[in-house]
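Chemist: Below you will find the structure I want to go over with you.
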Amino acid sequence: MGERWQIRRAGAVDAAHRVLMIPGGLCTTEFYADVMAEPAVARLGMVAVTQPGFGPTEAPADVSMEHYARLMADFAAEAGCDTVVGHSLGANVALEMAALGLFRGPLVLLSPTFSRGDEARFLTVLNALGRVPVLGGAAWTAMIRLLPRALKRELPPHRAEALAAAMGGSDPAACRRIVRAYYAYLDRYPSLVPRLCEAGVPAWVVRGDRDAIGLTDGERRGLEACPRVRTVAVADAGHLALVEQPAAVAAVVAEAAAATVR
């Protein structure tokens with residue numbers, strides 16, 4: 001039986017603002033360790049929470065994006081968090097928290113996906129394979145074993161072993177279910193840009209300048225036209241800007257938290 005929550009805390013105990021940090025798919029709180037250690041966020045109260053179903057945690061029966069948004073919104077309320085940071089899949093969960101009216105504070109969205117076509121090709125192929133009996137289970141088991149090794153080349157050398165180990169700890173069957181539900185969510189919306197804009201919350205959309213996740217010209221224009229959304233490009237970073245350039249990401253988190261009005 002897996003754990004319900006995996007939690008990492010940092011920052012000031014008596015902070016005026018508290019930030020919930022949600023890792024991406026296959027990722028755990030380990031991926032926020034570098035951001036949480038940056039001086040720019042030292043005065044904030046920070047709590048990172050692995051999404052149930054990744055790392056050592058147990059997936060809920062309902063793995064829809066809407067259910068994850070409710071889980072994380074409940075956690076944010078209980079922890080007194082007034083700002084939410086999400087990476088990748090976690091960024092889409094954060095977006096959904098706001099879109100469903102479950103969270104009204106600032107969002108920092110690190111490499112979110114705004115439409116199905118933007119998603120990494122390998123994940124789209126894996127999701128399709130995951131629907132094939134027998135082969136689907138084998139494909140996910142192989143991916144969980146091989147992907148962390150492949151990603152080590154893109155990670156900071158001093159952090160590569162710890163981060164790769166964290167990515168390799170997820171249950172393939174749970175990941176298969178979660179990603180299938182995630183693609184069903186993307187299929188419901190031609191673009192999530194209007195959904196973010198209509199949520200009406202302050203949001204920072206942060207992407208590495210060589211991020212593998214796509215962003216169409218129409219999506220970019222939509223974000224730029226949204227009065228409460230700011231786009232931020234992080235130099236010399238890919239999809240994992242939070243571990244490649246933690247100082248740049250921490251600066252955005254501090255800016256977002258400062259925009260909170262209690």
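Chemist: Can you show me the helix-derived [θ] at 222 nm for the chain, built from DSSP H runs with n ≥ 4 at -39,500 (n - 2.57) apiece and divided by the number of residues, rounded to the nearest 500.
Modeler: Numbers: 11 runs with 113 residues, N = 262.
About -13000 deg cm²/dmol.
Chemist: Sort all Cα-Cα distances of segment 54-132 into consecutive 10 angstrom bins from zero, then give the percent of pairs in each bin up to the one containing the longest distance.
Modeler: Going from the shortest bin to the longest, the percentages are 17, 44, 31, 8, 0.
Chemist: Just the isolated ones, please: cysteines in the chain lacking another cysteine beta carbon under 4.7 angstrom.
Modeler: 27, 81, 175
Chemist: OK, next. For the chain, what relative contact order do you get, as a whole percent, if you take Cα pairs closer than 8 Å and at least 6 residues apart? Could the numbers behind the result be given before it?
Modeler: Values: 514 pairs, mean separation 62.3, N = 262.
Relative contact order, the chain: 24 percent.
Chemist: Right, another one. Out of 80, 107, 148, whose Cα points farthest toward the positive end of the dipole of the chain (charges: +1 Lys, Arg; -1 Asp, Glu; placed on Cβ)?
Modeler: 148
Chemist: Also, quick follow-up: Between residue 230 and residues 5 or more places away or on another chain, which pairs have amide H atoms under 5 Å apart, with H built 1.01 Å from N, and which residues are they?
Modeler: Amide H neighbours of residue 230: 203, 204, 205.
Chemist: If you don't mind, there's one more thing I want to ask. Tell me, what ³J(HN,Hα) does each residue in segment 26-39 have, in order and in whole Hz, if you take phi through Karplus 6.51 cos²θ - 1.76 cosθ + 1.60 with θ = phi - 60° and put x for Gly and Pro?
Modeler: Once rounded to whole Hz, the list reads 6, 9, 10, 4, 4, 6, 9, 4, 5, 4, 5, 8, 6, x.
Chemist: Another one. Provide Rg and Dmax in Å for segment 124-228, with only Cα atoms included in the calculation.
Modeler: My reading of the Cα-based Rg and Dmax gives 17.2, 48 Å.
Chemist: Given Cβ point charges of +1 (Lys, Arg) and -1 (Asp, Glu) and nothing else, what value in debye, to the nearest 20, does the dipole of segment 8-108 about its Cα centre take? Please list the in-between numbers first.
Modeler: Values: 6 positive and 11 negative charges, 43 e Å.
About 200 debye.
Chemist: Let me ask something additional. Under 8 Å for C-alpha pairs, at least 6 residues apart: give me the relative contact order for segment 87-201, rounded to a whole percent.
Modeler: 34
Chemist: Pop out the ³J(HN,Hα) list for segment 59-69 in order, Karplus 6.51 cos²θ - 1.76 cosθ + 1.60 with θ = phi - 60°, rounded to Hz; leave Gly and Pro as x.
Modeler: Each residue's phi maps through the Karplus curve to give 6, x, 5, 9, 9, 5, 4, 5, 5, 4, 4 Hz.
Chemist: Please report the equivalent ellipsoid semi-axes of segment 1-127, computed as sqrt(5 x eigenvalue) of the Cα gyration tensor, largest first, in whole Å. Please report the intermediate quantities before stating the final value.
Modeler: Values: eigenvalues 107, 49, 46 Å².
Computed over segment 1-127, the values are 23, 16, 15 Å.
Chemist: Per 5 Å bin, what percent of the C-alpha pairs of segment 148-201 does each bin hold, from zero upward?
Modeler: Once binned at 5 Å, the Cα pair distances of segment 148-201 give 4, 16, 14, 12, 13, 15, 17, 9, 0.
Chemist: Positive end of the charge dipole of segment 183-262 (Lys, Arg +1 and Asp, Glu -1 on Cβ, about the Cα centre): tell me which of 200, 257, 232 has its Cα farthest that way.
Modeler: So the residue furthest toward the plus end is 200.
Chemist: Might you report the magnitude of the Cβ-based charge dipole of the chain about its Cα centre, with Lys and Arg at +1 and Asp and Glu at -1, to the nearest 20 debye? Write out the running numbers ahead of the final one.
Modeler: Values: 27 positive and 27 negative charges, 67 e Å.
So the dipole magnitude of the chain works out to roughly 320 debye.
Just so you know, all these numbers are worked out from the coordinates, no wet-lab data involved. Model, not experiment: these values are computed from the prediction. With ideal geometry, Cβ positions are generated from the backbone for all residues, glycine too; neighbour counts draw on all protein chains shown.
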